[in-house]
Amino acid sequence: MIKTGFVERNLRLLFPLPALIFVVVMMLFPVIYTLFLSFTNWNLTSGMPLRIVGLQSYYRIFTEPRFLAAFGRTFAFTGAAVVTETILGIAVALILNREFLGKGLVKLFLLLPLVATPVAVGIVFNLFYDPTIGLANYALSLAGFPRSGWVSNTATVLPSLVLVDVWQWTPMIALIVLAGLAGLSSEPYESARVDGASELQILWRITLPMVMPTIFTAMILRTIDALKTFDIIFAMTGGGPGYSSETLNILGYKYSFEYFRMGQSSVILVALFAVVLACSLGIMKLRGRAEA
């Protein structure tokens, strides 16, 4: 009777408990195991047994110019992509928040980049950027500009990858902001128009401040994804030419599955995890200030 009573009183906790335990284990185990490996010298090609070396792997990776360059490249790619996507996403959301003919069809086309798989997007854009048969260079030649190397040129590869990311993920920002705009109260707008405020003043003083928490939420989601971007970059350039598009994710993959230096690759992944966590917490703090 006591056991039955306990079960009946805690059904709402006991039923989801197995799923909760599974999710927690699946989330925590990879993080803890990667953190453990980062303190070892595990190298699959050396034939030596796994040995704990403390911070030695951290020192080797953090002082390596290739890691520092990949670290900076990760921030450059993320910053350029997220800022551009946010600005364009807000603009598209403001346009879609108005009534016009064909609005439903525009929303449908807006969803198409989101449902495409990133690897397929990378392959298609590789054809688009192709130096000889690509549409990008054909458009440049029609406009009278010289042809570009796009992803085969070290100077243009990162902006070209940012452009692909912007094409695919700007609609997500737009849809999130559009949902925020749809939930705004109409009373502040009516009061502002009665007071003679212009549309630009209404946008700057009312719409943007009220929807800012939603914008920061969209930025958090996109920043996390952009920092971890792997598939588009790997499908299009593999980190090349040279190391010019190599981000932390690509570098970690190469250390793991090309060089088999598992200990040092774990250091890179731990660093990436710390960067993602720090950026997410920073944007969440800004979001909290916007709500206050």
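Each reported figure results from applying straightforward, stated rules to the coordinates on display, with no laboratory input. Bear in mind the structure is a predicted one, so any value in this text is a computation, not a measurement. Glycine gets a Cβ as well: all are built from the backbone with ideal geometry, and neighbour counts include every protein chain shown.
Put simply, of Leu114, Leu105, Leu127, Leu110 the only residue that is part of a helix (DSSP H, G or I), surrounded by 17 or more Cβ atoms within 10 Å (Cβ to Cβ) and either within 24 Å of the chain's Cα centre (by Cα) or not charged (D, E, K, R) (or both) is Leu110. The condition of being hydrophobic (A, V, I, L, M, F, W, C), within 26 Å of Val92 (Cβ to Cβ), touching a Gly at 6+ places or on another chain (Cβ under 7 Å) and assigned to a helix (DSSP H, G or I) holds for only one of Ile268, Ile232, that being Ile232. Picking from residues in segment 265-291 that are in contact with a Lys or Arg (Cβ under 9 Å, 6 or more places away or on another chain) and buried (at least 20 other Cβ atoms within 10 Å of the Cβ), the one that is nearest to Val82 (Cα to Cα) is Leu272. Here Ala80 fulfils each of the conditions (1) in a loop (DSSP other than H, G, I, E, B); (2) touching a Leu at 6+ places or on another chain (Cβ under 9 Å); (3) small (Gly, Ala, Ser) apart from (1). Taking the stated definitions as given, is Leu108 under 19 Å from Thr170 (Cα atoms) and free of Cβ contacts under 8 Å to residues at least 40 places away in the same chain? So Leu108 passes the test.
For segment 215-238, a residue qualifies if it is free of Cβ contacts under 8 Å to residues at least 24 places away in the same chain and over 17 Å from the mean Cα position of the chain (by Cα), and exactly one does: Gly238.
Looking for something touching a residue at least 60 places away in the same chain (Cβ under 8 Å) and either surrounded by fewer than 17 Cβ atoms within 10 Å (Cβ to Cβ) or closer than 30 Å to Val267 by Cα (or both) - is there at least one such residue anywhere in segment 189-207? Scanning segment 189-207, I find at least one residue that is touching a residue at least 60 places away in the same chain (Cβ under 8 Å) and either surrounded by fewer than 17 Cβ atoms within 10 Å (Cβ to Cβ) or closer than 30 Å to Val267 by Cα (or both), so the answer is yes. Within segment 145-159, the set of residues being touching a Ser or Thr at 6+ places or on another chain (Cβ under 9 Å), surrounded by fewer than 23 Cβ atoms within 10 Å (Cβ to Cβ) and assigned to a helix (DSSP H, G or I) comprises Ser152, Leu158.
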